[in-house]
Amino acid sequence: MIRFLTSIGVCLLLFGSCKEYLDVTPKGRLIPTQVSEFDRLLDNEEIVMSFFLDNNLGCMLAYMTDNIALSEGLANIHYKAFNHPNIDRYYGHIYRAPYKNPNVKDEFWDGGIYGTVKYFNNVIDGVTALKNAQNEAEANKVLAQAYAGRAWVYLHAALAYGPVYQPGASNDTRTVPYVTSADISTPVPDLSTQQEMFRRIGEDLHAALPYAPATTNYPSRPNKTATLAMLAYYHLFTQEYDSTVYYANLAWTAATAAGGPAQVLYDFNALSFSDPGNPLFSSIVSPDNKAHLPTSREMLFFRFTDNGAGSMDDSYPSEEFVALFDQDDDLRFRYFLQAAPGFQTVFGGTPYDDGERIQYYRGAYTFGNAPRFQMTAGLSYPEVLLMRAEGYARTNRPDEAIADLNTLRRYRFKTGTPELTVPGDQDEVIRLVLEERRRELPLGHVKRFMDLKRLCLDQGKPWSKAIITHTVGTTHFEATVNSPAFRLNIPNTILQFNSEWGIPLDTRPF
């Protein structure tokens, strides 16, 4: 499988000296000469595995949200005293900047963004150069997947490294460079403003949509339905909710055309524990035995996610998150949230014992190398349904919104659980949808971080938070969502080679 190119993209100029790179002669690497060879680049595992994850497959952004809690023992001993290799998770949780060491490699930047974008740019440049009348159809399908993949990365880069996107405002804050060339002789582009980022993301998605294939060989590749869902997600941030409804409806309708909701949703009433007498250490058995795989029926667009968030090794689900669940009837609580012994140790003669805590085991590795129930930092079919529901709620179509919620709840709650009735208040409908979204999406990784940034604009609404507060022991830490505290900084390892951006090096102690 051809996985690297001699010229691996202008983005390398962001990682180090151009001269140093050009002084190295690549050996044993092949340059693709056919569309099919470029197509194989889209199967590189770095694309799937590096999406905003650290070197231990966790995501600091999750620790900044209201989904995650740290006890005093986890914070002061597990992370600080034991010199945890991912201390940035703790720093993010207490909003102690800089969160990451600015003088070392940043996995989010190097791998999650530009290490991944290099593949998409090489495919786009290479296939465009090879495209002709004979291979046009094949070329367009490959290009569509590369454009959609690139847009997905840059959307999250813009929101992680940039400010809250504010529809109707100038959005003129510079964020990150929108690198589109694989040619290392091309000058490094300037930082794009948030407005420019969103414009170009939209252009990439619309370039992909007409030619996106109906099916792909693996859910890591965006098919037509995934591209439609990406556009629905994009419009949640631009607050064009009629467009969210339009694209989410197309995606959901296409996905369920053959077999209805059962085609893309697991009925949790049909799940079971492999060892009912020991559920804490059991895997989850689904009728098709695929619920733990990236190819599960609920998976639309797969990106590896933070499977450890919420368990005693790293963190706990917040009390607020746990309280969202109906512990009697919501089967997600039964399968994903379970009481277990928490962090316990003796350090410096002082005992630390968190006692029994409810922990989040949705992504727990209970057998083999697969999680209990597969999650994605990409897109699932339940999320598509919830995006349509939110669009309906935001455009004052409460009946349709609640109907979508009830569709999902039939597959998540015990059989016989009463359906939701339609509230008379629009805000109540939106609140119900957003609470269901929070229950359904992964506890960790990027999802809640991104939602907090867009929802903070709904000032005064019950689902909107201007400030997030974390408590460790008796100490409170807080940060304003619409502020630099909820932005990542470009590391010094990048800034020192790009002085033209005008950003001073970060000299704060780490």
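The values are calculated or read from the model by the stated rules, or taken from the named source; none is laboratory data. Not measured: the values here are computed from a predicted model. Cβ: placed from backbone, ideal geometry, glycine included. Neighbour counts: every protein chain shown. With ligands, DNA and RNA removed, areas are computed over all heavy atoms of the protein, side chains included. Shrake-Rupley method; radii C 1.70, N 1.55, O 1.52, S 1.80 Å.
Observations, loosely collected:
- Residue count for segment 446-491 satisfying the condition of being more than 25 Å from Y241 (Cβ to Cβ), in a loop (DSSP other than H, G, I, E, B) and polar (S, T, N, Q): 3.
- Exclusive hit being assigned to a helix (DSSP H, G or I) and open to solvent by 20 Å² or more (accessible area, probe 1.4 Å), set E419, E435: E435
- Qualifying residues in segment 94-121 (those that are in a helix (DSSP H, G or I) and among the small types (G, A, S)) - the one farthest from the chain's Cα centre (by Cα): G115
- Inside segment 346-364, residues that are among the charged types (D, E, K, R) and either in a loop (DSSP other than H, G, I, E, B) or modelled with pLDDT under 95 (or both) make up a count of 2.
- Yes/no for V123 being farther than 18 Å from H156 by Cβ, open to solvent by less than 10 Å² (accessible area, probe 1.4 Å) and not acidic (D, E): yes
- Selection count, segment 126-162, where residues are open to solvent by less than 10 Å² (accessible area, probe 1.4 Å) and not in a helix (DSSP H, G or I): 1
- A count restricted to segment 330-345 and to residues that are open to solvent by 50 Å² or more (accessible area, probe 1.4 Å) and in a loop (DSSP other than H, G, I, E, B) stands at 0.
- Conditions (1) without any contact (Cβ under 8 Å) to a residue 12 or more places away in the chain; (2) touching a strand residue (DSSP E or B) at 6+ places or on another chain (Cβ under 7 Å): number failed by Q496: (2)
- Condition check for M387: within 21 Å of S296 (Cβ to Cβ), in contact with a Pro (Cβ under 9 Å, 6 or more places away or on another chain), aliphatic (A, V, I, L, M) and crowded, with 23+ Cβ neighbours inside 10 Å: no
- Residue within segment 241-260 that is assigned to a helix (DSSP H, G or I), under 20 Å from N171 (Cα atoms) and of a type outside the set (D, E) present: yes
- Top-ranked residue in segment 246-275 [being among the polar types (S, T, N, Q) and in contact (Cβ under 8 Å) with a residue 12 or more places away in the chain; ranked as surrounded by the most Cβ atoms within 10 Å (Cβ to Cβ)]: N249
- Condition check for Y411: on the phi < 0 side of the Ramachandran plot, in contact with a helix residue (DSSP H, G or I) (Cβ under 6 Å, 6 or more places away or on another chain), open to solvent by 10 Å² or more (accessible area, probe 1.4 Å) and assigned to a helix (DSSP H, G or I): no
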